[in-house]
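Working notes, structure below.
The values are calculated or read from the model by the stated rules, or taken from the named source; none is laboratory data. Computed from a prediction, not measured in an experiment: that's the story for all the values here. Don't worry about glycine lacking a Cβ; one is built from the backbone with ideal geometry, like all the others, and counts go over all protein chains shown.
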Amino acid sequence: MMPQLTMIRSDQNWWDKEPKVREHVIEADTVDGLYAIAFREFFNRTKYCNGTKVWFKDQSHNNPYDEWLSDVNNYANNGGDMW
């Protein structure tokens, strides 16, 4: 069975009365692959979107993800800004 992770994405524009909240299940061969997808497709892609918030449904992934992200190679190889 492949590891999977559920992401929560909340989008709210100024004209919306309520945010649109959606769950996304992602799968990868490894946990590193899950974090790479979460970074590329959710966190990095939406970092400049003021009305969008993204988080892990299972908060136990926060610390391992932060540790994964602190490796500059993981950050750079998955589209992070390297100014």
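Going by the structure shown, is Val31 exposed (fewer than 10 other Cβ atoms within 10 Å of the Cβ) and of a type outside the set (Phe, Trp, Tyr)?
No.
Of these, Ser10, Ser60, which one is outside any helix (DSSP H, G or I) and not acidic (Asp, Glu)? Even if it seems obvious, please write down each step before you answer.
On the way: Ser60 fails: outside any helix (DSSP H, G or I).
One residue alone meets the criteria, Ser10.
So how many residues does the stretch 50-82 have that are of a type in the set (A, V, I, L, M, F, W, C) and free of Cβ contacts under 8 Å to residues at least 12 places away in the same chain?
We begin by selecting, within the stretch 50-82, every residue of a type in the set (A, V, I, L, M, F, W, C); these are 54-56, 68-69, 72, 76, 82.
From what's left, free of Cβ contacts under 8 Å to residues at least 12 places away in the same chain: 72, 76, 82.
Of the residues in the stretch 50-82, 3 are of a type in the set (A, V, I, L, M, F, W, C) and free of Cβ contacts under 8 Å to residues at least 12 places away in the same chain.
Look at the stretch 47-81 and say how many of its residues are within 27 Å of Asp16 (Cβ to Cβ), among the hydroxyl-bearing types (Ser, Thr, Tyr) and modelled with pLDDT of 95 or more.
Residues meeting the conditions: 1.
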